[in-house]
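For reference, the structure is listed below as structure tokens.
The values are calculated or read from the model by the stated rules, or taken from the named source; none is laboratory data. Because the structure is a prediction, the values reported are computed rather than measured. Because the Cβ atoms are built from the backbone with ideal geometry, glycine has one as well, and the counts that use them run over all protein chains shown.
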Amino acid sequence: MQILKDKKLLLIKLLTAVFLVFMCCALSKEAFLWKVCNEPDRGPLEELIFWGQCEQQKETLFLETCEEFDRNLPPNTELLVSACTSPHAIGVSDGKILFVREEKTGKIYLLDLSTGEKKDIPIDRLILDRGIFLSSELIWMQGSLVGPEDPNYRPHYVLDLIDGQRYELLDLTWFPRLEQGKFDPKYYAYFQSAEQVFIDHDEYSAIALAPDFRHHPEGNVILSEFAIGDTTTMSDNGKLLEQLMKDLGVSYQVVDFAGSYTNPDVPSPQVSILPVVMTITFTFLEQMR
């Protein structure tokens, strides 16, 4: 019985020693990381550890460097959007407005390139995921590619940034067809009576907005190019819709997305770790000689 008690005491002492060693190692690691992350003077190896482990300090260093960069711009340079906010920008088709989303601040706004004015817009997930600017005032919020009878159907909308309201677009693509599935040309009257018509080549779609469309939503429609003909013979997206509008004598605007869905390379002050890696490598080689 005494032997069993002695073994238990020995086991407890052993476990206590292991625990203390573990805690000492953990505390030593934390102390080392705190030193690396918070002291300005670092050697090559510590510099490499800093860039791999010290996220909060890296963010602080980035902001300090970035703000210094903003304060010391070259002459005749105007700062429109600071890289410190990690911005993503989309050009609007009229070329006068930028849609800007600042990741670090969460702000979403339209930037007037001529005046520098920033106009806040509603934070709507659909704008970020499915929004396409028709103009600086109108955003097409894309719906689903299936018809109203499908449970996954989602209507198309136009978001008016003037009043903040959504206006549903009737999807002519799913309207009743003639014999042999042909599109009924009587629906072209929507485009002939429209005040604004937009054609998006990339999305194979034409959108018509009625005169005073806010008060006459029944005249706002969308039509897919696939509904009116064989697009496989067309070399360019949207050309079939353009030809249709010309035949109908309808004026239209092409939604130009040549640079719309690219995030511009905003100059951002960075510190490269490549020199650090090279320094460590050369130091190691010198020691091996």
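On the basis of being more than 30 Å from Tyr109 (Cα to Cα), of a type in the set (Phe, Trp, Tyr) and either surrounded by 14 or more Cβ atoms within 10 Å (Cβ to Cβ) or modelled with pLDDT of 90 or more (or both), does Phe198 make the cut? Quick ask: steps written out before the conclusion?
Details: more than 30 Å from Tyr109 (Cα to Cα): no; of a type in the set (Phe, Trp, Tyr): yes; either surrounded by 14 or more Cβ atoms within 10 Å (Cβ to Cβ) or modelled with pLDDT of 90 or more (or both): yes.
The answer is no for Phe198.
Inspect all residues belonging to region 109-127 and state whether any of them is closer than 18 Å to Asp202 by Cα and either without any contact (Cβ under 8 Å) to a residue 40 or more places away in the chain or not in a strand (DSSP E or B) (or both). Let's see the steps before the verdict.
If we filter region 109-127 for residues that are closer than 18 Å to Asp202 by Cα, which is where we start, we get 127.
From what's left, either without any contact (Cβ under 8 Å) to a residue 40 or more places away in the chain or not in a strand (DSSP E or B) (or both): 127.
Checked against the condition, which is being closer than 18 Å to Asp202 by Cα and either without any contact (Cβ under 8 Å) to a residue 40 or more places away in the chain or not in a strand (DSSP E or B) (or both), region 109-127 yields at least one hit.
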Completion exercise
(1) surrounded by fewer than 18 Cβ atoms within 10 Å (Cβ to Cβ); (2) in the same structural domain as Val221 (by TED's automatic domain parsing) all hold for Tyr167 apart from (1)
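Yes/no per residue for (1) part of a helix (DSSP H, G or I); (2) of a type in the set (Gly, Ala, Ser); (3) over 20 Å from the mean Cα position of the chain (by Cα):
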| residue | (1), (2), (3) |
| --- | --- |
| Ser136 | no, yes, no |
| Ile139 | no, no, no |
| Pro148 | no, no, yes |
| Pro151 | no, no, yes |
| Asp163 | no, no, yes |
| Tyr167 | no, no, yes |
| Leu170 | no, no, yes |
Problem - Check on Asp124, charged (D, E, K, R), modelled with pLDDT of 85 or more and surrounded by 11 or more Cβ atoms within 10 Å (Cβ to Cβ) - result: no
Handout entry: Cross-chain or 6+ apart pairs with Cβ under 8 Å, region 134-147 first and over 12 Å from Val158 (Cα atoms) and at pLDDT 85 or above, then surrounded by fewer than 19 Cβ atoms within 10 Å (Cβ to Cβ) and basic (Lys, Arg)
Key = Ser144/Arg154
Practice task
Report, by residue number, each residue of region 175-228 that is assigned to a loop (DSSP other than H, G, I, E, B) and under 27 Å from the mean Cα position of the chain (by Cα).
Solution key: His201, Asp202, Glu203, Tyr204
